[in-house]
Every structure is written in structure tokens, then in C-alpha cells.
Amino acid sequence: MEQITRINHVGLRVRDLGQARAFYEKLGFKFIVGPVGPEPVAVMEHPTGININFILNASSDASENNILMDVPEKHTGFTHIALEITDREAVERHLDDVGIHITETVKLPDGTVFFFVRDPDGNVIEFHQPA
């Protein structure tokens, strides 16, 4: 359908806005507004236009696993967001400098490299550098 032009935003359910905000600020996102609305939502946006809506109604039980990634049974749903990058080494240095741990790195034969981190709620973020 040609009327679709881009992804407008990604919605992430989080337990604590302060923790989520601090984490995503380390990735360059800026706080826009929130909480607002009947299902309280807060909005952050990256200078590139990538927008994340934090849905602020998650269970406060910090021991819960990410149902899409951390349990043996594979459930349907979105498993991660992939952010395209231009300089893998610079991003890796930045993540290390701000205390964000890379959980896995994959290098493909064509030169594509991608690696993953987790936010405070266990949501998976991929940094993807094409060949």
C-alpha cells in the first residue's frame, strides 16, 4: 500500500519511566512528553526521527522474563527493534563508555555486523551495520 511512508513510532511497555528514560537518553533520544493519555504513555525521539512511545503500565515484578525472548516456548510478536548504524566501532565504544553491555555480536560473511543490547525492561535493541 503506497500510502504508508515510514514507521511512525515503536511502542514499548516499561516498568519505570525514569529508568527507561535514562537508558534511552544514553542512546541519544530526547524526552518529548509524558505521561499522557488513559493508558499512560511517554514519548522520546532520536534526532534521526525515530520515535519511541513508552507504555507505562507494565507489572512491577522485576523478575519477569521477556516473554518473546527469554522462555523456551516461542510466542508470536515483535522481538526487537533494529537501529541502523554507520560506525560499529564508535557505537561499541559509546555503549561501553555509558555502561551498556552488548549481549551478542554477529558478523556475516558479506561484512554485515549486528549486535544486541537490552534495556532495563529486557527489551532487545539491535545495532545493525550493513556491509
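In the chain, the longest principal axis of the Cα atoms and the axis of helix 17-26 are about 20 degrees apart.
Full extension of the segment from residue 4 to residue 128, taken as 0.36 nm per residue of separation minus the current Cα-Cα distance, would add 42.3 nm.
Its relative contact order, with pairs defined as Cα atoms under 8 Å and 6+ residues apart, puts the chain at 21 percent. The stretch 115-131 and the stretch 77-101 have Cα centres lying 6 Å from one another. Here's the list of lysines a cross-link from residue 107 could span, going by alpha-carbon distance under 25 Å and ignoring same-chain residues fewer than 8 apart: 26, 74. Listed options for Kirkwood radius over Cα pairs in Å are (i) 15.2; (ii) 14.7; (iii) 16.1. The value calculated from this structure is the one marked (iii).
The phi-based Karplus calculation (6.51 cos²θ - 1.76 cosθ + 1.60; θ = phi - 60°) puts the 3J(HN,Hα) values of the stretch 29-41 at 6, 10, 6, 9, 6, x, x, 9, x, x, 9, x, 10 Hz, whole numbers, x for Gly and Pro. Please give the helix 88-97 orientation as an angle from the longest Cα principal axis of the chain, in degrees from 0 to 90, rounded to the nearest 10. Rounded to the nearest ten degrees, it is 50.
Where a number appears in this text, it was derived from the coordinates with a stated rule and is not lab data. This is a predicted model, so every value here is computed, not measured.
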